[in-house]
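Report on the structure given below.
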Amino acid sequence: MKMLKVFTIITLLVLQVSCNSKSDKEKNDFEIKTNAKKGNISIDNTLELSLSNKKKHTIDSVVYKLDGKTVTENLNLKHHKLGKYAIEAIVYFNDDEQQTVSSTVTILNNESPKIYKFKILNEYPHDITSYTQGLEFHNGKLYESTGQYKESKLRLVDYTTGKVIKNINLADEYFGEGLTVMHDKIYQLTWKKGIGFVYDVNTFEKTGSFKYGQSKEGWGLTHNETHIYKSDGSEDIWLLDPKTLIEQEKIQVYTNKGKITDINEMEWINGKIYANRYQRNGVAIINPINGAVEGVIDFTPLKNMVTQHEKLDVLNGIAYNPETKTIFVTGKRWDKLFEVEIIK
């Protein structure tokens with residue numbers, strides 16, 4: 001009797017799966033067609049959308065949507081953000097029937113990144129124990145955030161001597177990440193706790209905190225006059241409202257070939273985002289409007305110019321000093337801070 005009961009249940013499940021599969025297949029009367037090759041299209045092209053009408057229905061109208069926004073059948077991509085997006089077609093047919101079908105498209109840049117070199121202007125001492133995560137100048141002073149559990153810190157540093165002027169330690173449960181300084185407030189990320197901290201730039205007193213939204217982790221921070229930009233270790237850079245610290249939108253970092261992940265420490269320099277990539281020796285120059293990687297600075301030689309030791313880690317930490325109009329870079333547990341000029 002038990003065997004019969006089990007057999008009956010299995011039969012019903014098979015029939016249910018079969019019916020569901022058949023039902024899903026029957027619903028797929030239409031298919032979105034595009035001029036994207038293998039799902040990819042360059043930003044200097046026009047995205048052409050059309051439908052494959054498999055069952056020859058009488059189509060009354062079609063509404064196309066890209067990333068949730070209604071678009072025309074021929075969409076000029078010149079001013080669109082790069083990245084992977086969902087396409088939807090809401091099809092009205094046979095007078096009173098409606099069906100929604102979906103697909104995806106990836107919008108790529110139309111040019112490959114330019115490769116830049118650099119010239120070392122000065123070398124300064126840097127704390128060899130600092131696992132550098134964030135680095136930024138504010139009013140001529142250098143602020144640094146460091147990582148690792150039980151080692152994470154927020155610091156004000158005299159960059160010419162390497163002397164620590166002010167320091168606070170994070171609680172042992174937090175792994176410090178990137179920072180930025182805006183409107184006399186320091187914003188510091190933590191890695192996996194989903195929380196960032198706000199400090200008074202003059203006193204280092206913690207004045208608040210903020211939670212992440214869709215960005216699951218904290219990696220890097222920078223800002224311009226209107227937004228704070230936050231990386232989460234993927235190809236996404238999130239734009240935060242500086243008043244509420246709520247994620248409002250994002251850009252996706254792409255080249256002419258595909259996405260660039262592991263976006264880490266960032267710096268706003270002359271209208272562009274300069275970003276370290278974790279475990280890479282290069283810094284990407286990113287267009288903050290559409291996410292295009294316009295250039296890459298190869299800093300490979302620097303790691304060999306610092307003291308080699310067991311805990312030496314990767315390039316990380318980039319800061320622009322408006323007073324000198326030069327860029328400063330270092331790495332995790334590096335004993336040098338390099339002032340450089342980019343050769344274009």
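The values are calculated or read from the model by the stated rules, or taken from the named source; none is laboratory data. Computed from a predicted model, the values in this text were never measured in an experiment. Ideal geometry is used to build each Cβ from the backbone, glycine not excepted, and the neighbour counts take in all protein chains shown. Side chains are part of the model used for accessible areas, which takes the heavy atoms of the whole protein and leaves out ligands, DNA and RNA. Shrake-Rupley method; radii C 1.70, N 1.55, O 1.52, S 1.80 Å.
List of remarks:
- Figure legend: label point modelled 7 angstrom from the Cα of Lys272 along Cα→Cβ; no residues of region 133-167 have amide N under 15 Å from it.
- Shape call, region 148-201: gyration tensor on alpha carbons, a/c limit 1.5: oblate
- Loop-resident chymotrypsin sites (Phe, Trp or Tyr not before Pro) (DSSP state other than H, G, I, E or B) in region 240-313 with no more than 14 further Cβ atoms inside 10 Å of their Cβ are absent.
- Karplus-derived 3J(HN,Hα) values for region 150-156, using 6.51 cos²θ - 1.76 cosθ + 1.60 with θ = phi - 60°, are 6, 10, 6, 9, 10, 9, 10 Hz; glycine and proline are entered as x.
- Correct option for percent of Cα pairs over 32 Å apart [calculated from the coordinates] among (i) 26; (ii) 43; (iii) 32: (ii)
- Evaluated over region 30-108, the Cα radius of gyration and Dmax, each in Å: 12.8, 38
- Accessible area in square angstrom per residue, the chain, 1.4 angstrom probe: 52
- Of all accessible heavy-atom area on region 30-108, the percent that carbon and sulfur account for (1.4 Å): 43
- Overall form of region 259-341 per C-alpha gyration tensor (a/c, 1.5; a/b vs b/c): oblate
- Ser209-Thr58 pseudo-label distance in nm [points 7 Å out on the Cα-to-Cβ vector]: 6.3
- MRE, 222 nm, helices only [DSSP H, n ≥ 4, -39500 (n - 2.57), over the chain, to nearest 500]: -2500 deg cm²/dmol
- Beta bridges by DSSP in the chain, antiparallel share as percent, to the nearest 5: 95
- In this simple spin-label approximation, Ile289 and Thr34 carry label points 7 Å from Cα along the Cα→Cβ vector, and these lie 2.2 nm apart.
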